[in-house]
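A short write-up of the structure that comes next.
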Amino acid sequence: MNDQLMQQHVADLYTRYAETLCDLEIAKWPEYFTDDCLYRIVSRPNHDRGQRIGPMFAENKGALKDRVAAIQGTMVYSARSLTHIVSGARVVGGDEAALRTRSMLAVYQTLVDGTTQLQLVGRTFDVVDTRGPELKFRERVVVFDTELLAGALVYPV
């Protein structure tokens, strides 16, 4: 596949991923990942210091499914809607089995009372598996710019 076509496939992956989260179709979220994936959300200061501590972490697809189960059935949180704005999704390296990709993003949440707030702004550093019929994230690291998030981080990014 040529570079321009691969770039279009990567952009489509990021768009579909954001749409799934914006539509609150949380049960579909783990299907964007390989079984042996890594998913992490971390603040920029921790990322810059090489620390992996952050508000969300999963070492495989099973852990992502556990997060979905928690959101759907056990967590108590205010109802909200989300808007993910993704830009600059691009391939920065890789080989035939995996691509290293990056993007920038902003996530807004609107609480049930109608108040919209910017929840986070940041970048992603991802590894996209290219071996199957669909591109999937093998690794997704979301680095948000601040030490603290505005409100609770219920849904994945």
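The values are calculated or read from the model by the stated rules, or taken from the named source; none is laboratory data. As the structure is a computational prediction, the values presented were derived from the model and not from experiment. Every residue, glycine among them, receives a Cβ derived from its backbone with ideal geometry; neighbour counts consider all protein chains shown.
Within segment 97-153, restricting attention to residues that are among the acidic types (Asp, Glu), touching a strand residue (DSSP E or B) at 6+ places or on another chain (Cβ under 6 Å) and assigned to a loop (DSSP other than H, G, I, E, B), which residue is surrounded by the most Cβ atoms within 10 Å (Cβ to Cβ)? Within segment 97-153, the match that is surrounded by the most Cβ atoms within 10 Å (Cβ to Cβ) is Asp145.
Only residues that are within 12 Å of the chain's Cα centre (by Cα) and over 13 Å from Ser81 (Cα atoms) were counted across segment 137-156, and they come to 8.
Among the residues making up segment 61-80, those that are in contact with a strand residue (DSSP E or B) (Cβ under 6 Å, 6 or more places away or on another chain) and either among the aromatic types (Phe, Trp, Tyr) or at pLDDT 90 or above (or both) are Lys61, Leu64. Residue check: Ala97 meets all listed conditions (1) touching a Leu at 6+ places or on another chain (Cβ under 6 Å); (2) more than 30 Å from Leu111 (Cβ to Cβ) but one, namely (1).
Scanning segment 35-46 finds one or more residues that are of a type in the set (Ser, Thr, Tyr), at negative phi and surrounded by 14 or more Cβ atoms within 10 Å (Cβ to Cβ).
So, in segment 77-96, of the ones that are aliphatic (A, V, I, L, M) and loosely packed, with under 12 Cβ neighbours inside 10 Å, which residue ends up nearest to the chain's Cα centre (by Cα)?
Step by step, filter segment 77-96, then rank; the result is Val92.
Looking across segment 26-62, the residues that are touching a Leu at 6+ places or on another chain (Cβ under 7 Å) and without any contact (Cβ under 8 Å) to a residue 60 or more places away in the chain come down to Pro30, Ala58, Glu59. Taking the conditions exactly as written (among the small types (Gly, Ala, Ser), modelled with pLDDT of 95 or more and within 20 Å of Leu149 (Cβ to Cβ)), does Ala18 satisfy them or not? The answer is yes for Ala18.
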